[in-house]
Amino acid sequence: MFTAAERLIALRNLKPKRKEGFLKVISIFSFIGIMLGVAILIIVMSVMNGFRTELTNKILGFNPHIIIKPYNNEKIDSKFRDRLDKNFPNIEVLDSYSGEGVVINNDYAKGLMIKGLDPENKKNSIFLRKILIEGNINKIKKGQIIVGKELAIELNLSIGDKINLLSSVYIGTPFGGLPKQETYSIQGIFSSGFYEFDKNVVFLNLDETLYFFDKSKSDINLEIYLSNPLKANYIKDKIETINNNFYVYSWIDLNKSFFSALKVERNVMFIILTLIIIVAAFNIISGLTILIKNKTKEIAILKTLGLSSSSIVKSFFLTGFTIGFVASISGILIGVLFSENIESIRVFFSYVLNVEIFPSDVYFLDELPSEINSFSIIIIFIFSLLTTSLASLIPAITISKMNTIKALKYE
């Protein structure tokens with residue numbers, strides 16, 4: 001594609017003479033700008049991808065993929081369950097019930113999500129063992145409760161302590177309606193890795209939960225777990241065709257706005273950060289323009305010696321393209337290395353600066369996530385090359401319009 005003469009001219013252009021020190025500075029800043037732009041883009045995209053993946057895993061690990069709730073006095077009976085088993089043999093169906101309550105501890109009151117688990121279901125036992133960090137139980141018995149790590153820290157709770165819960169259900173008394181109140185013994189403390197869950201969710205026995213909210217077996221919801229959670233909406237639509245008198249929603253429905261916001265933020269960050277590469281590309285344009293202006297005489301001599309205008313254009317294009325290519329490769333290496341070690345870097349700077357970087361109560365995660373996506377890196381690399389190629393081509397084309405006689409006369 002490029003002849004030996006064209007490569008030699010490009011190499012000479014990349015090594016400006018001492019009197020052309022200003023060109024060297026422009027080339028260096030162009031190189032640094034493109035390299036940093038590519039590296040920052042990769043780091044930001046990796047963190048955004050890590051956020052999405054980590055939050056998805058936390059949500060999927062903590063919540064069912066599909067929830068079926070009865071309404072309009074319709075009950076989830078054995079016939080409906082049989083039809084689910086017949087139409088979807090690979091799904092797992094669990095009984096559950098959730099509601100809102102208030103925990104009271106000394107002078108402290110806080111709203112909570114109370115989730116009932118069926119103690120006889122093996123999946124629940126496996127789930128509890130997976131997230132439990134204190135306590136040694138396989139099942140939640142009556143009168144027992146499992147709380148999150150953040151809630152335990154906030155209320156200074158430990159295994160064996162007792163807490164009071166207020167239900168949203170009122171019971172009649174001689175003094176009027178009062179919220180139902182029960183005392184539970186803490187038998188376990190869990191950590192899901194998701195700050196909001198660890199602070200705002202507690203687990204009770206399913207029968208205990210129904211009693212606490214004054215509900216019956218007919219009010220039980222069905223939780224469905226799939227081998228492929230990404231098919232949740234497809235399965236949900238199929239379930240609705242079996243019986244449209246139930247309220248059916250998936251984990252995707254519950255978190256649609258959240259993940260849409262993440263996607264918009266990632267796209268906006270990509271657009272904003274690409275401006276770094278574009279600004280650096282303008283440095284290439286200005287640098288090559290000055291270089292061509294300073295080498296007008298040399299260019300004219302090369303033309304008179306028989307070198308075609310297209311070859312000279314290609315040589316100067318190769319000059320700018322080389323800067324962009326090497327800078328892009330360097331940026332990819334820096335971005336990938338930084339992304340792979342971003343949590344260690346965060347911990348280091350937090351320790352040195354004595355500042356909490358990436359607080360878990362704000363970002364919902366205990367660690368700064370990062371996921372390197374090969375497709376994103378390829379897109380960033382191609383965009384960088386296209387930008388620098390265009391920036392190199394624009395000033396190089398002006399050489400073809402140069403008048404050789406005038407150039408030699410005035411130089």
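If the limit is 20 Å between Cα atoms, which of 75/215; 86/231; 69/238; 79/217; 58/217 go over it?
58/217
With a 1.4 Å probe and all protein chains kept in place, how much accessible area does residue 88 have, in Å² rounded to the nearest 10?
30 Å²
With each label point set 7 Å from Cα along the Cα-Cβ vector, what nm distance links residue 237 and residue 269?
3.1 nm
Which whole-number percent of Cα pairs in the stretch 205-248 have a distance greater than 13 Å?
65 percent
Is the shape of the stretch 38-107 best called rounded, prolate or oblate, per the rule: a/c under 1.5 gives rounded, else a/b larger than b/c gives prolate, else oblate, with a ≥ b ≥ c the square roots of the Cα gyration tensor eigenvalues?
oblate
Using a 1.4 angstrom probe on the protein heavy atoms only, line up 107, 214 by accessible area, largest first.
Order by accessible area, largest first: 107, 214.
Using modelled amide H (1.01 Å from N, peptide plane; none on Pro or chain starts), what sits under 5 Å from the amide H of residue 134, excluding residues fewer than 5 places away?
Amide H neighbours of residue 134: 189.
The values are calculated or read from the model by the stated rules, or taken from the named source; none is laboratory data. Bear in mind that the values here come from a model prediction, so they are computed numbers and not experimental data. Using ideal geometry, Cβ is built from the backbone for each residue, glycine included, and neighbour counts are taken over all protein chains shown. These accessible areas exclude ligands, DNA and RNA; they are computed on the full protein's heavy atoms, side chains included. Shrake-Rupley method; radii C 1.70, N 1.55, O 1.52, S 1.80 Å.
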